Amino acid sequence: MDSKLKQKTAKGLLWGGVGNGTLQLLNLFFGIFLSRLLSPADYGTIGALTLFSAAAGLFADSGFVLAIVNKKQVDDDDYNAVFWFNLATGTFFYCLLFALAPLIAQFYRQPEMTALSRFLFLSFFLGCISGAPTAYLFRNLMVKERSTIMIVAIIVSGSVGVLCAYNGWGYWGLAVQTVLYSGVNSLLIWLRCPWRPSLRINFAPIREMFGFGSRQLMTSLFTHINNNVFALLLGRFYGMKLTGYFTQGNKWTTMGYSTLSGMTNSVGQPVLREASADPERLQRVFRKMLRFIVFLSFPAMLGLALVAKEVIVLTISDKWLPCVPVMQILCLWGAFMPITTLYGNLFNSLGRPRIYMWCTIALGLIQLACIVASYPFGLDTMLVVYTSVNILWLFVWQYFAYKHTGLRLIDVLRDILPYIFAAAAVIALTWFVTRAIDSLILSLTLKILIAATLYTLLLWLSGSQILRESLHYLTHKRP
């Protein structure tokens, strides 16, 4: 990378990591209280509705936020058109889901879901209102500002959610937390963003961005369906309790990999777009970001799987033990998830969202077929199949990356395999050394200390450039 782009990327990754890391720690903090106060069925009820609210939010946004980020030149009319379009479509989809709420409750055989879903669906509507200013902050790499806003929003919403749960509100406490987070986040984004909409409504920019936006919509929609199909099937056929166990295990895994994916999304597409004019430079930028992501994601996610039992029992009690296997299986997929995110950023930066869209749709259809086929064998088998398909699909992403950028598979493997093998060896050795320890606190402490020490030492002795550059940036950062 050239010096200017390297510094911009490093700063974005740093604040993306700090912001997302802090956000996940706060989610963990509030989640511990909520998990102890609420039942698996409460979590299952909210998890079963997530598919509908998030899908509606994607339709309302229609991919135009990322379309703005990807444009070479943006003016006030672009932001204004996206704002009014999001507001109109958000209103339409909220009214549609409001009317469909009784049918959703009937599908899950839970009559009380009618009022709950109508309230919970406000969360995506509030998110739609802030679409245009969010695009402004994203495009201008205002990662620090976005991170601060998310942190404040989770503190406010988490505090209120815990208070509601403590007073016996049950799943309504989770619903209040979700809606309040969207509301506070939208308010603060508007207060921080210098851009303001006008009544000069012109939807010509929407037509111009429709090609990219519609493809991004389909991509996001199928990604969302892929990530939430379990909650839909489990809620319908296995009941809310098992859905709650899955939701809890998935939540802990998501807290792990979303920190890393958030770092990638904070800078990935803008930085790759800036380098996209020069294929050789684009490859260098992509490979360096890839090495950094794998350097962090594999020890983090495999380590989380290693300490899953200790973390669950010590934080939210042994009533949630059935979610440990769910969490451990999903952690393996979570280690690869930031890589998939980076490939998506690459295709979007090249102005080829069609590739990302069709690959995601194909992946979603294959996953759905595999999950349905493995459904009679139980949740664990479904999760193993789901994880395997996602990992193998990386070779499809790589094929298209080679086709359009010349990025070779052998170079990618050289970049990532040393970190994968190092993380796997360290985690295996740590498990072997600590397997006989009965004390959960002692086991958790030793596993973290041993794994972190061995991984850092192994990379240092092997001369890892990413480790040395990361330490240098953190300790010798210039103004």
Quiz prompt | Exclusive hit being part of a helix (DSSP H, G or I) and open to solvent by 20 Å² or more (accessible area, probe 1.4 Å), set Met301, Met337 | solution = Met337
Quiz item: Looking at (1) under 26 Å from Leu191 (Cα atoms); (2) at pLDDT 85 or above; (3) of a type in the set (A, V, I, L, M), which is the one condition that is false for Leu116?
Solution: (1)
Quiz item: Looking only at segment 97-117, which residues are under 28 Å from the mean Cα position of the chain (by Cα) and open to solvent by 70 Å² or more (accessible area, probe 1.4 Å)?
Solution: Phe98, Phe107
Quiz prompt | Subset tally (residues that are part of a loop (DSSP other than H, G, I, E, B) and either of a type in the set (Val, Ile, Thr) or exposed (fewer than 14 other Cβ atoms within 10 Å of the Cβ) (or both)) for segment 171-211 | solution = 7
Exercise. Could you check Ile155 against (1) open to solvent by less than 50 Å² (accessible area, probe 1.4 Å); (2) assigned to a helix (DSSP H, G or I) and say which number it fails?
Key: (1)
Quiz item: Within segment 130-144, which residues are open to solvent by 50 Å² or more (accessible area, probe 1.4 Å) and either part of a helix (DSSP H, G or I) or of a type in the set (Asp, Glu) (or both)?
Solution: Tyr136, Lys144
Self-check item: Selection from segment 131-159 of residues that are farther than 27 Å from Thr91 by Cα and in contact with a Lys or Arg (Cβ under 6 Å, 6 or more places away or on another chain)
Solution: Glu145
Quiz item: Which members of segment 374-398 meet the condition of being over 24 Å from the mean Cα position of the chain (by Cα) and either of a type in the set (S, T, N, Q) or within 15 Å of Phe286 (Cα to Cα) (or both)?
Solution: Ser374
Quiz item: Taking interchain pairs and intrachain pairs at least six residues apart, which have beta carbon atoms under 7 angstrom, with the first residue in segment 442-459 and within 15 Å of Phe432 (Cα to Cα) and of a type outside the set (S, T, N, Q) and the second assigned to a helix (DSSP H, G or I) and open to solvent by 60 Å² or more (accessible area, probe 1.4 Å)?
Solution: Leu444/Leu314; Ile450/Val433; Leu454/Leu429
Quiz item: Does segment 419-430 contain at least one residue that is open to solvent by 50 Å² or more (accessible area, probe 1.4 Å), at pLDDT 90 or above and either within 23 Å of Met289 (Cβ to Cβ) or part of a loop (DSSP other than H, G, I, E, B) (or both)?
Solution: yes
Practice problem: Report, by residue number, each residue of segment 312-334 that is open to solvent by 20 Å² or more (accessible area, probe 1.4 Å) and at negative phi. | Solution: Val313, Leu314, Thr315, Asp318, Lys319, Leu321, Pro322, Pro325, Gln328, Ile329, Leu332
Quiz item: Could you list, in sequence order, the residues of segment 134-145 that are within 20 Å of the chain's Cα centre (by Cα) and of a type outside the set (Phe, Trp, Tyr)?
Solution: Thr134, Ala135, Leu137, Arg139, Leu141, Met142, Val143, Lys144, Glu145
Practice problem: May I ask you to say which residue of Phe59, Phe93, Phe52 is at pLDDT 75 or above and either of a type in the set (Asp, Glu) or part of a helix (DSSP H, G or I) (or both)? | Solution: Phe93
Quiz item: Only one residue in Leu321, Leu330 is among the hydrophobic types (A, V, I, L, M, F, W, C), closer than 22 Å to Leu260 by Cα and at pLDDT 80 or above. Which one?
Solution: Leu330
Quiz prompt | Looking only at segment 351-361, and only at residues there that are touching a residue at least 12 places away in the same chain (Cβ under 8 Å) and surrounded by fewer than 20 Cβ atoms within 10 Å (Cβ to Cβ), the one that is farthest from Tyr245 (Cα to Cα) | solution = Gly351
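Listed here are the residues, each with its yes/no results for (1) at pLDDT 85 or above; (2) of a type in the set (A, V, I, L, M, F, W, C).
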residue: Leu163; (1), (2): yes, yes
residue: Asn167; (1), (2): yes, no
residue: Trp172; (1), (2): yes, yes
residue: Val179; (1), (2): yes, yes
residue: Gly183; (1), (2): yes, no
residue: Ser186; (1), (2): yes, no
residue: Asn202; (1), (2): no, no
residue: Gln216; (1), (2): no, no
residue: Ser220; (1), (2): no, no
Self-check item: Selection status of Met263, modelled with pLDDT of 85 or more, among the aliphatic types (A, V, I, L, M) and crowded, with 22+ Cβ neighbours inside 10 Å
Solution: no
Quiz prompt | From the options Leu413, Leu446, Leu383, Leu467, residue that is more than 22 Å from Tyr356 (Cα to Cα), at pLDDT 90 or above, open to solvent by less than 90 Å² (accessible area, probe 1.4 Å) and in a helix (DSSP H, G or I) | solution = Leu446
Self-check item: Residue count for segment 399-416, restricted to those that are at negative phi and more than 25 Å from the chain's Cα centre (by Cα)
Solution: 10
Practice problem: Those residues that are at pLDDT 85 or above and on the phi > 0 side of the Ramachandran plot, I need them from segment 339-379; list them, please. | Solution: none
Quiz item: Which condition does Pro322 not pass, out of (1) closer than 21 Å to Ile293 by Cβ; (2) in contact (Cβ under 8 Å) with a residue 40 or more places away in the chain, if it passes all the others?
Solution: (1)
Quiz item: Could you give every pair whose Cβ atoms fall below 8 Å, whose first residue belongs to segment 375-391 and is among the hydroxyl-bearing types (Ser, Thr, Tyr), and whose second residue is open to solvent by 20 Å² or more (accessible area, probe 1.4 Å) and assigned to a helix (DSSP H, G or I), counting only separations of at least 6 or pairs across chains?
Solution: Tyr375/Leu233; Tyr375/Phe237; Tyr386/Cys370; Thr387/Ile329; Thr387/Leu332
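The values are calculated or read from the model by the stated rules, or taken from the named source; none is laboratory data. Because the structure is a prediction, the values reported are computed rather than measured. As a convention, Cβ positions derive from the backbone with ideal geometry for all residues, glycine included, and neighbour counts pool all protein chains shown. Just so you know, the surface numbers come from the protein's heavy atoms only, side chains and all, with ligands and any DNA or RNA stripped out. Shrake-Rupley method; radii C 1.70, N 1.55, O 1.52, S 1.80 Å.
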